[in-house]
Amino acid sequence: MKKIIYIVALLFLVIGINQVFSKKKPIIVGDDLCENCHLTLEDKNLLPAQAYATDIHKSKNITCADCHGGDATTYDMDVAMDRNRGFLGVPKPQDRMKMCIKCHSDEKRMKRLGSALPTDQFKKLQNSVHGQPSSNNRGYIADCISCHGVHNIASPGNPASTVYATKIPALCGNCHSNANYMKMYNHKLPIDQVEKYKTSLHGIQNSKGDITVAQCASCHGHHDIRTAKDPKSSVYVSNIPEVCSKCHSDAKKMSKYNLPTDQYSKFVTSVHGVALLKKHDMSAPSCNSCHGNHGAVPPGVESISNVCGTCHNLNGEMFSKSPHKAAFDKEHLPECETCHGNHGIMPTTDNMIGTGSETTCIKCHDESDKGKGNEYAYEMRRLIDSLKADEKNVLSLLGQANALGMDVADAMFAMKDIRQVLIQTRTCIHLANFRVFKETLQPGFEITKKAAIEGKNAIDDYHFRRTGLGFATIIVTILALSLYLKIKKIEKVQKEKS
Amino acid sequence: MIELTSLKKRISAWIDERYEISNLISYMKKKSVPKFRATFWYYLGGITLLLFIVQVVSGILLLMYYKGTENLAFESVQFINTKVYFGWLIRSIHSWSANLMILGAFLHMFSVFFLRSYRKPRELTWYTGFILLLLGFGFGFSGYLLPWNELAYFATKVGTDIVKQVPFVGHYFMVLLRGGEEVTGATLSRFYGFHVAVLPAIFTVFLTAHLMFIQRQGIHEPEDWKNKSESERSYMPFFPNFLLRDLLLWLIVINILAILAVFFPWELGQKANAFAPAPKGIRPEWYFMFMFQTLKYIPGKVWFIDGELLGIGFFGIAGFLWFMLPFWDKRTKIGIRNKLLNYIGIIVIMFIIVLTILGYVLE
């Protein structure tokens with residue numbers, strides 16, 4: 001017991017001595033002589049001290065000297081700002097971030113200061129596009145103070161903060177809307193993002209003070225912003241659906257806007273989603289391909305064929321020329337979407353056309369249809385099914401010929417064109433013109449007819465070869481036998497004579 | 001019937017009056033062929049000749065459609081196979097007949113070897129026959145490339161590479177054969193030229209000489225007949241007996257040829273592509289297989305001599321000795337039975353058969 005008392009006493013003694021001989025004495029708020037002195041000065045010497053009054057760091061007892069160095073315990077300017085005593089003054093651009101990371105990358109220190117902020121910001125920034133050397137090579141393209149400001153730094157949730165949600169578009173626009181500035185780094189990057197954003201539903205809501213809607217950082221991230229071409233970027237084409245779904249699949253967030261939240265779940269199983277996310281086809285559309293990105297708005301009823309037509313241009317063009325265009329507009333039916341759906345578009349099949357209950361045509365052209373829609377839908381399906389059946393039969397015939405060892409490579413090759421004909425025919429359905437449909441499909445029937453003849457001829461030829469061989473063999477054998485008998489006869493006569 | 005016979009006689013008389021056919025027939029009737037247990041082997045020369053005639057006829061028919069250029073060779077053979085009426089049959093017969101002709105020539109040569117028919121005074125018949133066999137190899141080697149398919153392309157590459165190993169003149173010969181450093185379209189045109197012009201011209205000269213020698217000297221009699229009396233010897237007239245038997249065999253061979261061509265049509269494979277990796281199973285024609293397989297067994301270096309060179313040297317010397325057989329077979333020359341030669345012949349045949357089988361089995 002006595003030993004423990006001695007050890008505790010010794011510990012207190014060591015701490016006491018350390019405090020007495022410590023070079024730096026703790027400064028109590030209000031005792032920061034740097035701040036006190038600068039508040040008596042004017043203009044540029046006054047402003048930092050004034051701004052610092054509301055800075056979040058001041059509330060954490062962080063003094064001017066903690067960043068700028070020097071002695072905050074004396075009014076003697078020569079002593080207080082003596083560079084030999086560690087005074088740094090205004091840090092150079094390449095050094096100023098060191099002031100921030102001194103604490104913000106030190107987990108223990110942040111905890112001691114009572115902050116729950118993450119400590120990986122600097123690491124993230126270093127890997128980001130902004131963490132690259134600036135054009136004058138005197139620092140980074142953007143560092144902490146570029147966004148968070150200096151001396152008046154507030155928590156991002158604080159409306160006074162420069163990175164408050166409603167202030168972010170303008171903050172980013174400071175550089176990204178400046179053509180001269182952006183030329184120094186990426187002259188190909190557009191500078192109208194903020195202007196577009198203002199016209200988007202996100203931007204409109206944001207300007208009204210709605211901090212739930214997406215702004216720049218919601219999609220691009222904060223400290224770890226990467227270019228959209230970087231697969232690690234949150235806005236890389238295949239990452240976009242997930243980024244959008246962070247809000248659009250959140251029922252709580254979306255309830256305010258009365259929006260559905262199933263778009264993402266539908267998209268991932270759709271033909272587009274599978275192509276993009278499973279097959280990694282980077283040319284497949286993501287959310288922004290149809291909705292836009294900075295100027296995101298849902299496509300209007302009459303603009304859908306243009307949006308889809310960006311990729312499916314022939315289909316879009318044909319639809320615009322079709323009688324369906326005027327009819328859909330009249331009924332306010334969304335163009336492509338009426339037949340194909342939107343987020344959950346499934347691969348098209350021939351089952352979509354025709355007059356069966358599962359078809360899409362039947363939605364408008366049922367049996368009571370006064371026009372010829374029902375009849376044409378029925379015929380179109382019948383003709384396509386007929387060509388597919390012909391294709392199957394002819395391929396089977398050619399397969400038989402091939403198995404018999406006959407060469408039907410030409411016919412096989414020609415049959416590959418059936419696929420092309422079917423693709424063209426399915427495309428021209430968008431024209432809703434039965435005459436053109438038939439004309440497009442007709443070459444397919446001609447190919448199958450020709451290939452069927454070739455296949456049949458090959459099989460006939462196979463049998464002919466064998467039959468011919470049989471006859472030839474019989475004839476030659478008869479000749480051989482006759483010759484053999486003749487030889488025997490001659491030799492018999494010769495023997496008799498001799 | 002009487003009228004028909006008299007018409008036949010009148011036609012024969014008409015022809016005989018102008019071409020004196022009766023002289024030729026009476027000459028052929030005077031000719032006789034020894035009749036003994038090995039007479040069958042005497043028909044092999046005739047069969048080989050028939051197959052050569054088939055080659056000439058089917059080759060001429062193929063010539064009408066074949067195009068000997070790098071871009072068109074494969075396609076033209078494909079066209080012959082699929083579009084030309086009976087083209088598939090002609091090509092298949094040409095390929096089968098070529099192989100059977102070499103087989104016939106081999107058998108004919110060995111029968112002559114074992115029957116000692118090469119001995120004096122038929123040395124030149126042996127020499128010309130051997131040269132005809134080599135020319136047959138030449139036909140085979142050059143014809144193999146003509147369809148310009150993958151297998152033939154790489155086999156020709158390997159084959160012509162072997163030629164390079166011959167000391168001093170090897171590289172020169174390789175360039176001469178290929179028409180350059182590599183197997184290209186120039187090689188194809190060159191081989192085509194050899195196949196349809198150079199080789200047939202030389203072959204015709206030697207074949208004419210070979211046939212003339214046989215006609216002039218008659219057919220060789222068995223060695224042991226020298227000790228037999230006239231009554232113990234048996235002959236058959238060349239005309240009509242031997243000739244008709246020859247014809248009978250020809251008909252049988254034609255039947256076999258037709259069955260092979262129809263049931264086992266010759267495949268074309270894939271078009272040659274110089275940039276494609278060499279396919280599996282590159283192999284020469286079967287009659288080169290024993291040499292190809294032997295070269296595989298010879299180590300890369302034997303003492304200070306290159307393995308391939310040693311192989312070429314071995315086959316070169318062996319071939320030359322075989323060629324010169326009538327010259328160095330002194331015992332047969334003086335009428336003494338040379339048993340050692342029989343053993344050599346059997347060893348050579350076994351060597352060829354075993355190595356050929358190994359070549360295919362171990363592929």
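The values are calculated or read from the model by the stated rules, or taken from the named source; none is laboratory data. Every value quoted in this text rests on a predicted model; they were computed, and no experiment measured them. All Cβ positions, even for glycine, are placed from backbone atoms using ideal geometry, and neighbour counts span all protein chains on display. Note: areas computed on protein heavy atoms with side chains; ligands, DNA, RNA excluded. Shrake-Rupley method; radii C 1.70, N 1.55, O 1.52, S 1.80 Å.
Can you give me the relative contact order of segment A:266-390 as a percent, contacts being Cα pairs under 8 Å and 6 or more apart? Present the calculation step by step, with values, prior to reporting the outcome.
Values: 116 pairs, mean separation 24.9, N = 125.
Across segment A:266-390, relative contact order equals 20 percent.
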Discussion item. In Å², and per residue, what accessible area does the protein assembly as shown have when probed at 1.4 Å with the other protein chains present?
Written reply: 60
Worksheet item: At 222 nm, what helix-only mean residue ellipticity would chain A give, in deg cm²/dmol to the nearest 500, using -39500 (n - 2.57) for each DSSP H run of four or more?
Response: -17000 deg cm²/dmol
Worksheet item: Angle, helix B:44-63 long axis vs. longest principal axis of chain B, Cα atoms, 0 to 90°, nearest 10?
Response: 50
Worksheet item: Normalised by the residues of segment A:381-498, what does the relative contact order come to in percent, with Cα pairs under 8 Å and at least six apart?
Response: 31
Practice prompt. Among B:ILE305, B:ASN338, B:PHE315, pick out the residue whose Cα is farthest towards the positive end of the charge dipole of segment B:256-363, where Lys and Arg carry +1 and Asp and Glu carry -1 on C-beta, about the Cα centre.
Written response: B:ASN338
Response to the item:
The distance between the Cα centres of segment B:215-292 and segment A:88-159, in whole Å, is 94
Practice prompt. Pull up all non-local amide H partners of B:MET236: gap of 5 or more, or a different chain, and H-to-H distance under 5 Å with H placed in the peptide plane.
Written response: B:VAL33, B:LYS35
Worksheet item: If eta is 1.567 mPa s and T is 4 °C, what Stokes-Einstein diffusion coefficient results for chain A, Kirkwood Rh from Cα pairs, in µm²/s?
Response: 41
Fill in: Computed [θ] at 222 nm, helices only, for chain B once each DSSP H run of length n ≥ 4 contributes -39500 (n - 2.57)
-22000 deg cm²/dmol
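Using Cα-Cα distances under 8 Å and only pairs 6 or more residues apart, what relative contact order does chain A have, in percent? Walk me through the intermediate numbers first.
Details: 516 pairs, mean separation 35.5, N = 498.
Reported as a whole number, the value is 7 percent.
With solvent modelled as a 1.4 Å probe, how much accessible area in total do chains A and B shield from it at their shared surface, in Å² to the nearest 100? Walk me through the numbers before you get to the answer.
On the way: alone 32480 and 21310 Å², together 52000 Å².
Adding both sides of the contact gives about 1800 Å².
Can you flag which of A:LYS456/B:LYS67; A:LYS98/A:LYS167; B:LYS30/B:LYS228; A:LYS102/A:LYS232; A:LYS256/A:LYS325; B:LYS8/B:LYS31 are past 31 Å Cα-Cα?
A:LYS256/A:LYS325
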Item to complete: Please give every one of the aspartates and glutamates within straight-line cross-link reach of B:LYS35, meaning a C-alpha to C-alpha distance under 12 Å, and leave out same-chain neighbours fewer than 8 residues apart.
Response: B:GLU221, B:GLU232
Item to complete: Could you name every residue in segment B:59-82 that has 20 Å² or more less accessible surface in the full protein assembly than in its own chain alone (probe 1.4 Å, ligands and nucleic acids excluded)?
Response: B:THR82
Worksheet item: With axes computed from alpha carbons, what is the tilt in degrees of helix B:87-115 against the longest principal axis of chain B, rounded to the nearest 10 within 0 to 90?
Response: 70
Item to complete: Kindly write out, for segment B:249-258 in residue order, the coupling ³J(HN,Hα) from the Karplus curve 6.51 cos²θ - 1.76 cosθ + 1.60 (θ = phi - 60°), rounded to whole Hz, with x marking Gly and Pro.
Response: 5, 4, 5, 5, 5, 4, 4, 4, 4, 5
Worksheet item: Once the dipole of chain A is set up with Lys and Arg at +1 and Asp and Glu at -1 on Cβ about the Cα centre, which of A:SER233, A:VAL436, A:GLY295 lies farthest towards its positive end?
Response: A:SER233
Worksheet item: Taking the Cα centre of segment A:359-498 as the origin, how large is its charge dipole in debye, to the nearest 20, when only Lys and Arg (+1) and Asp and Glu (-1) carry charge on their Cβ atoms?
Response: 860
Discussion item. Can you classify segment B:1-147 as rounded, prolate or oblate using the Cα gyration tensor, where a ≥ b ≥ c are the square roots of its eigenvalues, rounded means a/c under 1.5, and otherwise it's prolate if a/b beats b/c and oblate if not?
Written reply: oblate
Fill in: Size of charge dipole - the protein assembly as shown - debye, nearest 20, with Cβ of Lys, Arg +1 and Asp, Glu -1, no other charges
3360
Discussion item. List, by residue number, every residue in segment A:455-498 with a reduction of 50 Å² or greater in accessible area between the chain on its own and the complete protein assembly, 1.4 Å probe.
Written reply: A:ARG465, A:ARG466, A:LEU469, A:VAL476, A:LEU483, A:ILE487, A:GLU491
Discussion item. With the crude spin-label approximation of a point 7 Å out along Cα→Cβ, what separation in nm comes out for A:THR212 versus A:ARG138?
Written reply: 4.6
Worksheet item: Carbon and sulfur together cover what percent of the accessible area of segment B:95-246 at a 1.4 Å probe radius?
Response: 69
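Might you report the magnitude of the Cβ-based charge dipole of chain B about its Cα centre, with Lys and Arg at +1 and Asp and Glu at -1, to the nearest 20 debye? Display every interim value, and only then the final one.
On the way: 35 positive and 23 negative charges, 229 e Å.
Rounded to the nearest 20 debye, it is 1100 debye.
Could you grab the Rg to Rh ratio for chain B? Cα atoms only, Kirkwood for Rh. Intermediate results must be reported in sequence, preceding the final value.
Working: Rg = 23.4 Å, Rh = 23.1 Å.
Here the Rg-to-Rh quotient is 1.01.
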Worksheet item: Can you tell which of A:TYR462, A:LEU483, A:ALA409 lies farthest toward the positive end of the dipole of segment A:336-486, using +1 and -1 charges on the Cβ of basic and acidic side chains (Lys, Arg; Asp, Glu)?
Response: A:LEU483
Response to the item:
Output for the protein assembly as shown (equivalent-ellipsoid semi-axes, sqrt of 5λ from the C-alpha gyration tensor, Å, descending) is 98, 44, 21
Fill in: Carbon/sulfur fraction of accessible area - chain A, other protein chains in place, 1.4 Å, %
60
Discussion item. Suppose we compare each residue of segment B:259-295 in its chain alone and in the full protein complex with a 1.4 Å probe; which ones drop by at least 30 Å² of accessible area?
Written reply: B:VAL262, B:PHE263
